[in-house]
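Read the figures in this text as sums done on the coordinates, not as results from a lab. The structure presented is a predicted model; accordingly, all values stated were derived computationally and were not measured. A quick note on method: Cβ atoms are made from the backbone with ideal geometry, for glycine too, and the neighbour counts reach across all protein chains shown.
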């Protein structure tokens, strides 16, 4: 097998492991899942599983980052769509953030165990996530400044403040309280309230 083929095979195996681990975390929870069980789901030995991930925490982090990458792709597509004004982009960003959080957790509450582990034990992952969200929000706000829609003195500070105001739509533990249409409507309403403070005064 060539080096390229071996690398592709290893990546396929890693993806398969992540698929199996995520399915188990969603069904049984992070706390009750073991590396041996995940190895069994992936039809490999535990020793082989440890060749790819040092421990369950690293496997959980890899699952979470893969899931969050899907969110970032969706949000980046919204942010960099050229035919929307900054105000409309901000509303779409907020609604997508709420939709993604709801769709990933509302009906599978056991995945929240993984979220709680990361929040308590892996602050580096939390910082990584926050910085990427801040960066995307800053892009929207800077574009609004450039177009004259917004009048923001400190875009970075404003992006962090906007992100803080969207915390409800990122709290996985609360998603079961809302039907998706209600949550999306709340996200749009919050975004429109934020816009009142950002828009240029005539």
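Just a few scattered comments:
- Once the C-beta distance of residue 134 and residue 108 is scaled by a Förster radius of 25 Å, the resulting FRET efficiency is 0.35 to the nearest 0.05.
- In terms of its C-alpha gyration tensor, region 85-143 has an oblate overall shape, because the principal axis ratio a/c (a ≥ b ≥ c, square roots of the eigenvalues) is not below 1.5 and a/b does not outweigh b/c.
- Distance (nanometres) between label positions extended 7 Å along Cα→Cβ at residue 32 and residue 74: 2.7
- Remark: region 1-53 is approximated by an ellipsoid whose semi-axes, taken from the C-alpha gyration tensor as √(5λ), come to 24, 11, 7 Å, largest first.
- The chain, relative contact order in percent, only Cα pairs under 8 angstrom and at least six apart counted: 24
- Here the Kirkwood formula puts the hydrodynamic radius of the chain at 18.7 Å, using every distinct Cα pair.
- Sorting 126, 79 from the fewest to the most surrounding beta carbons within 10 angstrom yields 126, 79.
- Computed helical MRE - 222 nm, the chain, DSSP H runs ≥ 4 contributing -39500 (n - 2.57), nearest 500: -24500 deg cm²/dmol
- Cα shape, region 162-202, gyration tensor, a/c 1.5 rule: oblate
- You can think of it this way: the chain between residue 173 and residue 10 has 55.2 nm of extra reach, that is 0.36 nm per residue less the Cα-Cα gap.
- The alpha carbon gyration tensor of region 44-91 gives principal lengths a ≥ b ≥ c with a/c of 1.5 or higher and a/b greater than b/c, which makes the shape prolate.
- Length-normalised contact order of region 1-53 in % [C-alpha pairs under 8 Å, at least 6 apart]: 30
- Fewest-first ranking of 96, 58, using other Cβ atoms within 10 Å as the exposure measure: 58, 96
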